[in-house]
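The values are calculated or read from the model by the stated rules, or taken from the named source; none is laboratory data. This structure is a prediction, so every number in the text was calculated from the model and none was measured. Note: ideal-geometry Cβ built from the backbone for every residue, glycine included; neighbour counts use all protein chains shown. The protein model used for the area step is the full one, side chains on, heavy atoms only, and it has no ligands, DNA or RNA in it. Shrake-Rupley method; radii C 1.70, N 1.55, O 1.52, S 1.80 Å.
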Amino acid sequence: MRFERESLVQFGVAILDRVGVPDDAARITADLLVRADERAVSTHGLVRLLPYVRRIQAGLVNTNPSLAMESRKPGFAMIDADDGLGQLCASRAAEKAIKLTKEVGFGIVGVHNSHHLGMCAPYAEQIAKAGFIGLSMTNTAPLMAPTGSAERLIGNNPLAIAIPRRAPHPPLVLDIAFSHAAFGAVQKLAATGGQVPEGWMHDKEGLWIRDAATALREGIMAPIGAHKGYGLALIVEVLAAALTNSSVLDEVGSLFREPPIHMRVGHLIIAIDPEALLDMSVFLDRVEHICARVQSAKPAPDGNKVKLPGQPEAEMQAQSESLGIPLSEKILSDLAGLAAELGVAMPKPVGREVIQ
């Protein structure tokens, strides 16, 4: 089914309102979840409403966080998320990073004691749209084993970097985690009876798991590039969590696995003004030169046209804006159950198609 964007945002706001989330925080959270669906990153979209609601109901998320802020040095700030929703806290951190960058040329904002922030890219993009280079990162619940171990100990810890470009181009955006696939991708396979590709998840003995249901219960995700992915995830753990004095490694609660405990993860949001190093027009010229040259690279014999990081998601967003945002039958079924429980009307579709 496809849906008009605002109807999905209003639906998310209504669901969050039923569990006590104030309107501003509910709209920010719902908007960012819908943005993920809009870009076909459905693992971080409205499907996350159900675990968010359950954790709010269990008292593991504070619907009215204080978001106290302190600053020790120019250009830096720390926000105590007070167990608030990650989308709200990270958005506020990006706003503060932009403000600091306008003042001193850079802004580095840590977020302490936060919750799951969804897709990482929007916070870096928020900064890039203000004309600065943006970085956002977070630690997550343990999903991977360090290279040389088969113990689930470290999150797949996403990192997003967004770089402004000349209009009409959207920012150049890299948004990656360091496991072979998102945990949500395994959830989708389990829901459809699919098999987990070899190399994605292993058990505590280090043997590959193919059955998706078993992988959800017991699986440990493998890092991309072995020690390289593990090393990058570990560094993000240090920067996002140790530097913000948040929960680390297996101290972090999971959205899905038992027992339910507080997440209290950390985020690090960074903004950099290119003009602090050179004339902005020169920087933008160089960025456009790089993008144009890369996109003109000769395709491999079995390849397609070279795309820039973030381009596939931007293309899906454009399609969603034209045709409506696609949601699968499984996601709609989960949302319908939640809507019925909380007394919220489901949004009306604008079209139907087969969506895997």
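General observations
- P(r) of the range 54-132 over all Cα-Cα pairs, binned every 5 Å from zero, in whole percent: 3, 16, 25, 22, 17, 9, 4, 2, 0
- The range 224-356: projected area of the alpha-carbon convex hull, averaged over directions, in nm²: 14.8 nm²
- For the range 1-87, the ratio of Cα radius of gyration to the globular rule of thumb 2.2 N^0.38 Å stands at 1.21.
- Here the average projected area of the convex hull drawn through the C-alpha atoms of the chain stands at 18.4 nm².
- Taking every full run of DSSP H in the chain, the ones that stretch at least 15 Å from end to end by Cα along their long axis and average 0.5 or higher on the Kyte-Doolittle scale are 329-342.
- What a 1.4 Å probe finds exposed on the chain is 57% carbon and sulfur by accessible area, rounded to a whole percent.
- Extension gain from Lys307 to Glu251, taking 0.36 nm per residue of separation minus the Cα-Cα distance: 16.3 nm
- Net charge dipole size for the chain [Lys, Arg +1 and Asp, Glu -1 on Cβ; Debye, nearest 20]: 400 debye
- All other residues whose Cβ lies under 13 angstrom from that of Asn157 are scored, Lys and Arg at +1 and Asp and Glu at -1, for a net of -2.
- For the range 90-175, the normalised intensity computed at q = 0.21 Å⁻¹ comes to -0.94 (log10 of I(q)/I(0), Debye sum over alpha carbons, equal scatterers, no solvent).
- Net charge contributed by nearby residues that have their C-beta within less than 10 Å of Leu60 (K/R +1, D/E -1): +2
- Cα-Cα over 23 Å, subset of Lys73/Lys96; Lys129/Lys298; Lys99/Lys129: Lys129/Lys298
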